[in-house]
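In what follows, a structure is listed as structure tokens, so that the remarks can point back to it.
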Amino acid sequence: MLAVILSRLARMVVVMVGISVITFLIFFATPGADPAARIAGRNAAPETVTAVRHDFGLDRPIWVQYGVMMRKMFVTGDLTSFVNRGQKIVPTLTAAAPVTLSLVAGAAVLWMALGAATGIIAAAFKDRLPDKILMGVSMMAVAMPVFWVGEMVNLVTQSRLHDTWAFSWVPPLGYVPLSESPARWFLALVFPWITLSFLYIGLYGRMLRTGIIETYQEDYIRTARAKGLTARRVLLKHATRAAIIPVVIMFGMDFGVLVGGAAVLTEVVFGLNGVGRLTYQALKVLDLPMIMAAVLYASFFVVLANAVVDLLCILIDPRLRRK
Amino acid sequence: MTTDRPETGSMPPADAAGGARPPPAGPWRRALQGLASSRTAVLSGLGLVLIVLATVLAPVYAKHVAQTDPFRSGLSAKILIDGKRSPVMERSTEGLGLGVTPIGPTWGPKYFLGADNQGRDVAARLLYGGQNSLIIAGAATLLCLVCAAVIGIVAGYAGGRVDTVLSNLIDMIWAFPVYLLAISLSIVMLGKTFEIGPIHISSSSLVVPIIIIGLVYVPYVARPVRGRVIAITNSDFVLAARGLGIRPSRILWRHILPNVATTLIVFAPMLMALNIVTESSLSFLSVGVQAPNASWGTILQDGQALLYSRPVVSMAPGIAIMVTVMLLNLFGDVLRDILDPKSVRGR
């Protein structure tokens with residue numbers, strides 16, 4: 001067991017190092033992508049570019065640059081932005097993380113609960129009206145770009161119907177820290193949560209429905225039925241328990257990626273200054289240290305989520321324990 | 001899938017000596033028959049054809065119905081509504097009365113859906129944009145499938161160290177959030193011209209978003225392809241073929257490729273749907289399609305500033321995306337049920 005965990009950890013580190021190298025190469029070594037020229041500006045004189053190159057240490061060999069950046073990020077922690085000089089990267093990132101975490105965690109609770117309900121109800125009523133309605137709505141949810149849903153939600157709650165009884169409680173766009181006021185934190189995030197989770201409710205509902213229906217063809221379901229268990233018990237304890245494993249695996253990946261910054265579209269539409277938006281802005285101005293830090297942070301969550309998912313699956317499925 | 005026996009008319013003549021039944025139709029033929037007998041598949045396929053036709057006819061609409069050039073701004077244009085000439089950019093009546101608001105939907109031939117910030121006809125742009133969105137999504141799908149097939153087959157068939165390296169690479173790319181990877185790639189690639197041998201790619205070309213969108217989803221397809229190749233390589237009929245001394249290249253071509261092809265085809269409509277959404281998202285973040293080209297994503301971006309005053313500019317492309325993606329998914333579901341032997345409804 002210990003060996004498994006250790007090899008898992010080793011793999012995590014390898015993947016993260018690999019990701020940091022790939023990101024570094026994309027921005028520092030792509031032919032024609034000259035970071036110094038970007039920093040110096042559009043019509044900078046050649047001397048300025050040379051000075052900038054020396055100033056930022058971009059004239060050193062590429063592996064030295066990589067090493068220096070990693071040391072500043074993890075050992076000394078004083079990595080600073082290339083664009084807003086003096087802005088420290090690590091504190092900026094840790095300030096943005098709670099926003100994204102609040103957004104994604106709340107949405108995750110919503111989409112796991114509603115997604116599971118959708119899948120189980122649709123499977124129980126297979127090919128009947130509730131199934132058709134739920135699958136129709138899921139199909140729509142999956143087909144809409146998340147930022148567009150956000151815009152439409154804003155249109156209704158912030159503009160058209162904002163002054164009616166229904167939506168007058170909706171606060172203006174933006175984030176309120178949980179430590180400042182839990183109630184306002186909650187209110188500010190209600191619609192971002194709904195928007196972000198909508199797609200995943202559809203996705204997970206469809207996936208779980210298919211899984212349960214497929215599981216119904218297994219022999220142990222027949223056994224469970226034959227020994228006289230109620231239909232409800234067979235559905236919830238036997239079929240759903242097996243069918244939810246791929247959903248959990250998917251959840252881990254999605255959660256990791258979203259916490260890592262993939263919620264950028266939701267953050268942009270709702271004016272939340274989270275990690276995704278931070279990364280996006282850093283990318284737009286090509287703030288290389290910020291990009292490197294954000295990507296590493298993101299990959300950490302993805303890799304971590306994958307490891308947690310493996311553990312969860314072992315907890316859910318006793319068959320996986322014996323290996 | 002259809003359970004009735006295939007028509008005999010188009011089949012090769014039955015074996016007269018044994019008086020046996022005609023051989024069953026090949027898997028491809030059966031798949032086609034399955035598609036034709038599914039109402040969902042036929043209707044969604046028809047809907048998709050209509051959308052493609054509408055976008056192809058964009059120049060006709062722009063020239064003869066809207067009578068405008070959707071790529072030139074018309075800030076000072078005027079149109080005739082109910083016998084009254086009104087400017088396309090209306091004086092704002094709210095607040096201080098400064099600034100202008102583009103005309104709302106007229107529901108007539110000109111400015112059917114209103115104008116955008118630059119006084120351009122949104123309806124005409126929607127059709128032109130649809131053209132680009134579909135071209136990008138389609139080409140990116142092809143690119144992705146080809147790359148994934150090559151990587152998956154090489155990794156799965158070669159095995160050993162090659163497989164280890166390729167699989168780890170796939171895992172690494174997988175760990176990137178897709179949007180961040182796509183944004184990174186586009187920022188590196190946009191704003192430059194590329195000279196690859198004789199090929200000249202300008203930065204505003206559609207090729208840039210095609211390459212970006214095509215590449216980011218490669219791991220999602222390459223992984224299952226690799227799994228499928230490994231399963232087939234270890235199956236009895238391939239072992240038998242090997243035992244008979246058939247060359248590996250022939251095994252690859254005759255046995256593995258056709259089996260992988262179904263996996264790829266099942267992925268195609270879903271990937272296309274995913275690509276349409278990805279294109280719109282990237283263009284919305286202004287790292288996708290670049291001006292003066294239009295796409296559903298760029299219209300959504302234009303509409304963002306007008307969201308509260310002229311919501312139609314945002315609503316129309318969103319609905320277009322939603323309908324197209326839904327049709328693709330419906331079609332893809334039927335296709336998967338038919339081609340994937342493991343799926344429930346296919347049995």
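Observations on the structure shown:
- Looking across A:Lys126, A:Lys132, one residue alone is within 14 Å of another protein chain (Cβ to nearest Cβ), part of a loop (DSSP other than H, G, I, E, B) and over 26 Å from A:Ala108 (Cβ atoms). It is A:Lys126.
- Boolean, A:Ile121 is more than 9 Å from every other protein chain (Cβ to nearest Cβ), under 21 Å from A:Thr215 (Cβ atoms) and hydrophobic (A, V, I, L, M, F, W, C): yes
- Among the residues of segment A:161-177, not a single one is in a helix (DSSP H, G or I) and more than 11 Å from chain B (Cβ to nearest Cβ).
- For the residues B:Asp236, B:Asp302, the requirement of being free of Cβ contacts under 8 Å to residues at least 60 places away in the same chain and among the acidic types (Asp, Glu) singles out B:Asp236.
- Within segment B:287-298, one or more residues are surrounded by fewer than 16 Cβ atoms within 10 Å (Cβ to Cβ), away from every other protein chain (no Cβ under 11 Å) and either over 20 Å from the mean Cα position of the chain (by Cα) or not β-branched (Val, Ile, Thr) (or both).
- A:Asp78 meets each of the listed conditions (1) more than 14 Å from A:Leu196 (Cβ to Cβ); (2) away from chain B (no Cβ under 14 Å); (3) assigned to a helix (DSSP H, G or I) apart from (3).
- Where a residue in segment A:42-68 is assigned by the TED database to the domain that holds A:Val17 and among the aromatic types (Phe, Trp, Tyr) and its partner, wherever it lies, is surrounded by 16 or more Cβ atoms within 10 Å (Cβ to Cβ) and not in a helix (DSSP H, G or I), with Cβ under 7 Å and at least six apart: A:Phe56/A:Phe82
- Test result for A:Leu304, out of contact with any Ser or Thr (no Cβ under 6 Å at 6 or more places or on another chain), within 11 Å of chain B (Cβ to nearest Cβ), in contact (Cβ under 8 Å) with a residue 24 or more places away in the chain and within 30 Å of A:Lys237 (Cα to Cα): yes
- Screening segment A:182-226 for residues that are of a type in the set (S, T, N, Q) and assigned to a helix (DSSP H, G or I) and picking the one that is nearest to A:Gly150 (Cα to Cα) gives A:Thr195.
- Tally of residues being of a type in the set (Gly, Ala, Ser) and surrounded by 16 or more Cβ atoms within 10 Å (Cβ to Cβ) across segment A:159-193: 1
- Only one of B:Asp340, B:Asp302 that is in contact with a Ser or Thr (Cβ under 8 Å, 6 or more places away or on another chain), among the acidic types (Asp, Glu) and modelled with pLDDT under 90: B:Asp340
- Scope segment B:218-257; condition buried (at least 16 other Cβ atoms within 10 Å of the Cβ), closer than 29 Å to B:Tyr179 by Cβ and of a type outside the set (A, V, I, L, M, F, W, C); matching residues: B:Pro219, B:Tyr220, B:Arg223, B:Pro224, B:Arg226, B:Arg228
The values are calculated or read from the model by the stated rules, or taken from the named source; none is laboratory data. Since the model is a prediction, treat every value here as computed from it, not as a measurement. Because the Cβ atoms are built from the backbone with ideal geometry, glycine has one as well, and the counts that use them run over all protein chains shown.
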